[in-house]
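Derivation of every value follows stated rules applied to the coordinates shown; laboratory data play no part. All values derive from a computational prediction rather than experimental measurement. Positions of Cβ are backbone-derived with ideal geometry, glycine not excepted, and every protein chain shown enters the neighbour counts.
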Number of protein chains: 2
Amino acid sequence: MPAKRPPVPLSRERIIDAALHLADAQGLRRLTMRRLGDALEVEAMAIYHHMPGGKEALLDALAQHVTTVSVEAGERAAWQDIAALWCRAARAALLAHPGVLALAMTKPPRGSAAAAIREQTEQLREAGLAAPAEAVRAMRAYVFGSVAVELQHTGWADPTAPEPGPDPDGEAAFERGLSALLTGLGAADTTGAA
Amino acid sequence: MPAKRPPVPLSRERIIDAALHLADAQGLRRLTMRRLGDALEVEAMAIYHHMPGGKEALLDALAQHVTTVSVEAGERAAWQDIAALWCRAARAALLAHPGVLALAMTKPPRGSAAAAIREQTEQLREAGLAAPAEAVRAMRAYVFGSVAVELQHTGWADPTAPEPGPDPDGEAAFERGLSALLTGLGAADTTGAA
DNA sequence: GCGTCGCCCTTTACATAGTAAGGCATCCGT
DNA sequence: ACGGATGCCTTACTATGTAAAGGGCGACGC
């Protein structure tokens, strides 16, 4: 009796889900094919049938997953409000999976992540922002950096910190900086557009 | 004739230096003890004598190295100028070693890196900033994120991009965002101080 | 019923990684 | 000259990523 067929046949989604849990719980270093197989109750090699490209492809998929967000912009919303929504959504998505932040920041956006960036740019342009690409770039930088610093403060991935509780100042600091950034972007935008 | 003693006896500094070169040239994934040994013309195990703690300690040291900057503040400089100097120095240090950015953002600051943060905070306080800790946090977030996005744009660590030339817009975008951020920080600071 | 085909998963195998244990030059002080 | 100390090497073991090939199970044709 070498093996029984698993009841639910293992899919790309289940793999990504389990990988996210593993990375968040134990860190990227502990995300290995064999451990991932264990979590899915499957041998490591089974993963390769659903993830052509092996671990590299898996990491790409994880990065894409935590950087793909989508926001419904109200028809007549100010670009500042739309921008704030995007930034908060991106922060939440990254913060939900601290284990893969390093991947998200390192890997260039691809596929759905790149599409999300394009949509964000388009929404801001339609809302009247003159230089939306620059603004989106600055916002992405700010969100990435904020989450990274916030995770540093929580002591995530810090062996000397036993309890990785949330950073109480995280959200407030984020909102303050976001407000400052949007203000600055608005000033630069009207200057350039005038 | 098993081995000859190398002419220069291998030190922590030489190890870190070689590791930085390796990580920058080939990526963190290719930074291995054996390859590092090859680069130093030594067997891998020799490294452990100068790096107690093994690879983990090495990575910590690399992160510390690229996040430790120091700025001489003029006696009577405005805090905005001091802040800008720190941010530019931090950006330059990170940009000089793209391979270890992920480490720098992930690992909490320790030792000299933490000391640099404290000194930066102190300088800004002395220059009249009412809430220097918050400002330093926001600046660190901004610098980290900017460098990450800039490296994404250069296509560093992107197999589909053959030539990782510098991002032409990187510096300009950085300066724009920095100016916006400092403006916003100044407004929040006077509000809080008043 | 009975091949047989194809899909998923497992087994096996190998190159490479980190690193603990112990060995053997070489160098220094005496 | 000689006894450490120091600094590097050799060996060995475990864990990882992944190529290659094998096996069971359902579906489908006859």
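Sparsely packed loop sites in the range A:13-99 (the trypsin sites (Lys or Arg not before Pro) outside DSSP H, G, I, E and B with at most 10 other Cβ atoms within 10 Å) comprise A:ARG76.
Where only DSSP H runs of four or more residues are counted, the protein assembly as shown gives -21000 deg cm²/dmol as its mean residue ellipticity at 222 nm, each run worth -39500 (n - 2.57). Once the C-beta distance of B:THR190 and A:HIS153 is scaled by a Förster radius of 25 Å, the resulting FRET efficiency is 0.50 to the nearest 0.05.
Across the copies of the chain, A:GLU163 has label points (7 Å from Cα along Cα→Cβ) spaced 5.5 nm apart, shortest distance listed first.
Chain B holds its axis-closest Cβ, relative to the rotation onto A, at the residue and whole-Å distance B:GLY145, 1. The label-point distance for B:ALA161 and A:ARG29, in a model that sets each label 7 Å from Cα toward Cβ, rounds to 2.9 nm.
If you place +1 on the Cβ of every Lys and Arg, -1 on the Cβ of every Asp and Glu, and leave all else neutral, what size is the dipole of the range A:12-52 about its Cα centre, to the nearest 20 Debye? Before the final figure, lay out each step's value.
Details: 6 positive and 6 negative charges, 38 e Å.
Its charge dipole is roughly 180 debye.
Position B:ARG29: other-copy label points at 1.9 nm, ordered by increasing distance, label point 7 Å along Cα→C-beta.
Which of the helices in chain A meet the span-like rule: DSSP H, Cα axial reach of 27 Å or more, Kyte-Doolittle mean at least -1.0?
A:132-154, A:170-193
Centroid-to-centroid, using Cα positions, the range A:97-115 and the range A:36-78 are 10 Å apart.
Taking a ≥ b ≥ c as the square roots of the eigenvalues of the Cα gyration tensor, chain A is classed as prolate, since a/c reaches at least 1.5 and a/b is larger than b/c. Lysine pairs in the protein assembly as shown whose alpha-carbon atoms fall under 26 angstrom of each other, counting only those eight or more residues apart or on distinct chains, come to 8. In this rough spin-label picture, where each label sits 7 Å from Cα along the Cβ direction, the A:ALA44-B:TYR48 distance is 2.2 nm. Apply 1/(1 + (r/R0)^6) to the Cβ-Cβ distance of B:ALA57 and A:ALA115, taking R0 = 30 Å, and write down the FRET efficiency to the nearest 0.05. Once the sixth-power term is evaluated, E becomes 0.15. Applying 0.36 nm per residue to the separation of B:ALA130 and B:GLU75 and subtracting their alpha-carbon distance, the gain on full extension is 18.0 nm.
Inter-copy label distances at A:SER179, shortest first and taken from points set 7 Å along Cα to Cβ: 2.4 nm.
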